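Following: one structure in structure tokens, then a few remarks.
The values are calculated or read from the model by the stated rules, or taken from the named source; none is laboratory data. Because the structure is a prediction, the values reported are computed rather than measured. In this analysis, Cβ positions are derived from the backbone assuming ideal geometry, glycine residues included, and neighbour counts consider all displayed protein chains.
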Amino acid sequence: MARKKNTAGKISVIKGGRNRGGGSVADRINKRHGKTVAHTLKSNPANVTQWISTGSRWLDSITGVTRIGGIPVGRISEIAGLEGTGKSFIAAQIANNALSMGMIVLYFDSEASISSDFVERMGMTDNENFVIVRPPHLEAMFEDIEAELVGRHPDDQYLFILDSLAMIPCKSDLETDFDPTSTVAVKARVTAKGMSKLVNDLNETNSTLLVLNQLKTNIGHGKNPKYLTMKDKYNTPGGKAMAYAYSLRIWLEGRQAKDSFVYDDKGFRIGSEVKVTLLKSRFGGDGRKCVFKILWAGDSVSIQDEESWFDALKTSPHLKQAGAWYTLVYADGKEKKFQAKQWVKLINDDPAFKARAIELMDEEVIRKFNDREGSAADFYDIE
């Protein structure tokens, strides 16, 4: 704070840093730059005030930590996974939810994998605000993002999705031969430059970048596989700049056990289970996990969201089990007995039952984690 001597020779404090002709420190800095670069805590654009739902309430609950979250608006996030774990599926769900929030979605499909039939079966209709872009290379994608942010209407919000960082080539990759040593570490250098140019622009325009990536097995880690963490087992291409830029990293694993698949009435596989780990979260949920199943065939293409609530609540003292029967205890002490196969029907048909299930989800997944209540094993896989 600035100080000056008063007529009595005493030191007085000038509150708010107003000196040198008046105006706050922030005002003077903004005037020098010709734009708003200095903010107060309340006006700080780094504060996340919006989230885009992933389609899974359980996942949204562990990403938001203190609230229902999802993908943080104004930040850069990653969804990485092994093959067939639902990365593009979840990204399409997020895109559909962003559209419902009035956002413009640019889906950079470097894998040529997003078909109209696929997104339409998820409930997305033809929308001029959903644009699929086939970028020739990574540099062109960054240029498109920069151009859209610079030329945007002040009220426009963008969600940019890259599917995927692992598969998109750099410009030099296309201009050389197939020898992998010809362009060593080019992608890492391109992403480092792209992030340094775009990270603040995305934040200040309240626009979001979601990067899909592939998990690649770490070789030669020298550890017993039984004790490996996800970070030990896998890495992602693209260089360290991306990992530093991400506010949220969601890593997906599939399961191969028979009971991890969803079957139709004829025994055909129509879905599979996904295990989710938050590898990085600037919101405080690092290491948290959840599980849900994805229906990718049959009559419905969706996340089995309500089904996963049942798994999330199994540690709740308000959901009791006695053999094949479960009892949901309401806040007023009333009880509802049911079998596991009746869970979804009760959620859909009984508003009071659904409201109590949501109330307990918030209690068990959000509040208890923040209050450090119960065992940490209820929130993490302790190995």
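Worth pointing out:
- Given (1) more than 21 Å from Lys289 (Cβ to Cβ); (2) at pLDDT below 95; (3) among the polar types (S, T, N, Q), index of the condition Thr315 fails: (1)
- Scanning region 124-165 for residues that are touching a residue at least 40 places away in the same chain (Cβ under 8 Å), in a loop (DSSP other than H, G, I, E, B) and closer than 16 Å to Asn97 by Cβ yields one hit, Gln157.
- Odd one out for Asp265, checked against (1) within 24 Å of the chain's Cα centre (by Cα); (2) outside any strand (DSSP E or B); (3) of a type in the set (Asp, Glu): (1)
- Considering region 83-114, and only residues there that are under 17 Å from Cys290 (Cβ atoms) and aliphatic (A, V, I, L, M), the residue that is surrounded by the fewest Cβ atoms within 10 Å (Cβ to Cβ) turns out to be Ile94.
- Enumeration of residues in region 166-180 that are assigned to a loop (DSSP other than H, G, I, E, B) and either under 30 Å from Trp251 (Cβ atoms) or of a type outside the set (S, T, N, Q) (or both): Ala166, Met167, Ile168, Pro169, Cys170, Asp177, Phe178, Asp179
- Among (1) surrounded by 13 or more Cβ atoms within 10 Å (Cβ to Cβ); (2) of a type outside the set (Phe, Trp, Tyr); (3) within 23 Å of the chain's Cα centre (by Cα) - the single one Leu346 does not satisfy: (3)
- Residues (in a loop (DSSP other than H, G, I, E, B) and crowded, with 16+ Cβ neighbours inside 10 Å) located in region 207-219: Ser207, Leu215
- Members of region 253-288 that are in contact with a helix residue (DSSP H, G or I) (Cβ under 8 Å, 6 or more places away or on another chain) and closer than 24 Å to Asn370 by Cα: Val276, Thr277, Leu278, Leu279, Lys280, Ser281, Phe283, Gly285, Arg288
- Looking across Thr125, Thr229, Thr183, one residue alone is polar (S, T, N, Q) and buried (at least 17 other Cβ atoms within 10 Å of the Cβ). It is Thr183.
- Among residues of region 166-181 that are in the same structural domain as Ala243 (by TED's automatic domain parsing) and free of Cβ contacts under 8 Å to residues at least 24 places away in the same chain, those with a Cβ under 7 angstrom from a residue that is assigned to a helix (DSSP H, G or I) and surrounded by 10 or more Cβ atoms within 10 Å (Cβ to Cβ), sequence gap 6+ or separate chain, pair up as Ser172/Thr183; Ser172/Val186; Thr176/Ser182; Thr176/Thr183.
- The residue that is farthest from Ser53 (Cα to Cα), counting only those in region 93-107 that are among the hydrophobic types (A, V, I, L, M, F, W, C), under 17 Å from the mean Cα position of the chain (by Cα) and in a strand (DSSP E or B), is Leu106.
- Residue among Gly287, Gly323 that is small (Gly, Ala, Ser), on the phi > 0 side of the Ramachandran plot and either without any contact (Cβ under 8 Å) to a residue 24 or more places away in the chain or touching a strand residue (DSSP E or B) at 6+ places or on another chain (Cβ under 6 Å) (or both): Gly323
- Of the residues Ala322, Ala352, the single one that is modelled with pLDDT of 95 or more, surrounded by fewer than 10 Cβ atoms within 10 Å (Cβ to Cβ), among the aliphatic types (A, V, I, L, M) and over 18 Å from Ser56 (Cβ atoms) is Ala322.
- Among the residues of region 128-139, those that are exposed (fewer than 15 other Cβ atoms within 10 Å of the Cβ) and closer than 14 Å to Leu165 by Cα comprise Arg134, Pro136.
- Of all residues in region 190-204, at least one satisfies being part of a helix (DSSP H, G or I) and touching a Pro at 6+ places or on another chain (Cβ under 6 Å).
- Residues of region 35-59 satisfying the condition of being out of contact with any helix residue (DSSP H, G or I) (no Cβ under 8 Å at 6 or more places or on another chain), modelled with pLDDT of 90 or more and over 19 Å from Gln157 (Cβ atoms): Leu59
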